[in-house]
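The values are calculated or read from the model by the stated rules, or taken from the named source; none is laboratory data. Nothing here was measured: the structure is a model prediction, and the numbers come from that model. Cβ sites come from the backbone with ideal geometry, for glycine too, and all protein chains shown count toward neighbours. Please note that ligands, DNA and RNA were not included when accessible areas were found on the heavy atoms of the full protein model with its side chains. Shrake-Rupley method; radii C 1.70, N 1.55, O 1.52, S 1.80 Å.
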Amino acid sequence: MANLPTYIGAEQVQSVLRYDALVARLEVALGRFSLGAAGGVVQPLRAIVPVSPHSGWLLVMPAYSAGDEALATKLVTSYSGNAGGPFPTHQATILLLDPANGSLRAIMDGRIITDMRTAAVSAIATKYLSPPESRILCILGAGAQAHSHYQVLMQMFHFDEVRVWSQTWESAERFAGAAGGAVTPRRSAEEAARGADVIVTVTMATDPVLRGAWVKPGALVNVVGANRPTWREVDDDLMQSAVIYVDCREAASRESGDIILSGANIFAELGEVINGSKPAHREKTTVFKSQGLAVEDAVAAKLVYDSLQ
């Protein structure tokens with residue numbers, strides 16, 4: 001009789017998943033993804049199911065990476081109306097399967113994995129695309145993704161100053177307090193962004209919260225939120241003047257409002273920079289638009305599973 005699948009909860013995930021190992025695995029996975037069929041990654045676009053009566057969404061994200069022997073699918077729900085209530089706005093579960101026989105290996109909480117793999121990919125983009133001698137970090141947003149981005153970016157890079165802005169001053173103050181005094185809350189997004197070398201947008205915004213006029217020439221902007229065709233985090237000025245990098249051309253072209261509505265031209269996938277087939281224009285103002293890839297979840301889930309064996 002086949003073994004029953006293991007359940008791996010959020011606490012177990014958090015106990016074994018570390019950014020150093022995760023960043024290394026995801027950097028390789030992004031490179032493989034951008035090699036196409038030669039990279040051994042199979043990943044269709046996510047399926048998105050609206051749950052209109054409850055203002056929610058169900059997202060299904062399957063992927064297979066032959067090089068990692070990782071086969072998984074992530075189920076995500078997004079309910080903005082949950083904000084401030086007993087349920088998170090985003091909930092995620094990952095099903096990890098054995099690629100050799102299709103059997104279910106594990107059911108694991110996907111919230112920590114989603115937060116950490118998203119931040120880890122932004123850190124990889126920052127490694128390749130940020131201006132040399134970056135000293136000022138700006139984070140727009142103060143939720144779970146803001147915390148995970150702060151953790152990995154401070155672990156991998158040295159910033160003399162970190163600023164945070166949120167749509168409510170109380171949220172920005174809470175974030176700064178949790179960071180132990182290393183972060184300065186700012187009253188406006190403009191005040192937080194001006195002069196920053198690296199900017200991260202991790203908001204639930206549907207209209208731009210960051211304007212190109214506020215962005216320092218040569219800065220890197222990691223655009224993480226607004227993953228719907230009609231949602232925006234940044235304005236046309238920034239998208240049309242910056243060099244645009246993405247995690248996946250197809251996903252960004254079909255799912256990202258920042259790309260679609262601005263008419264911006266995508267210069268390269270991050271994996272192409274990792275592979276050396278496209279240059280990193282660190283001397284120019286750059287945007288990395290992160291949609292989030294299912295292969296990132298599959299690789300992270302396999303890393304968690306292997307760490308617990």
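Overview of results
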| item | result |
| --- | --- |
| Rounded to the nearest 20 debye, dipole of segment 214-309 from Cβ charges on Lys, Arg, Asp, Glu | 140 |
| Cα→Cβ-extended label distance, 7 Å offset, between Arg187 and Asp207, nm | 2.2 |
| Modelled FRET efficiency - R0 45 Å, Glu161 with Ala37, Cβ distances, 0.05 increments | 0.50 |
| Cross-link partners of Lys284 among aspartates and glutamates (Cα-Cα below 16 Å; sequence separation of 8 or more within a chain) | Glu133, Asp197, Asp237 |
| Ranked by how many other beta carbons lie within 10 Å on average, peptides 54-65, 197-208 from highest | 197-208, 54-65 |
| Helix axis angle, 169-178 relative to the chain longest principal axis, alpha carbon, degrees | 60 |
| Highest-first arrangement of 257-270, 285-298, where packing means the average Cβ count within 10 Å | 285-298, 257-270 |
| Ile107/Arg228 FRET efficiency (R0 22 Å; Cβ-Cβ; nearest 0.05) | 0.20 |
| Cα gyration tensor category, rounded, prolate or oblate, for segment 46-165 with a/c compared to 1.5 | oblate |
| Calculated semi-axes √(5λ) of the Cα gyration tensor in Å (choose from (1) 30, 22, 19; (2) 39, 22, 18; (3) 33, 22, 20), label | (1) |
| Subset of Lys74/Lys278; Lys216/Lys289; Lys74/Lys302; Lys216/Lys278; Lys127/Lys289 violating a 20 Å alpha-carbon distance limit | Lys74/Lys278; Lys216/Lys278 |
| Distance between modelled label sites at Arg18 and Lys284, nm, 7 Å Cα→Cβ extension | 3.8 |
| Share of carbon and sulfur in the accessible heavy-atom surface of the chain [1.4 Å probe, %] | 53 |
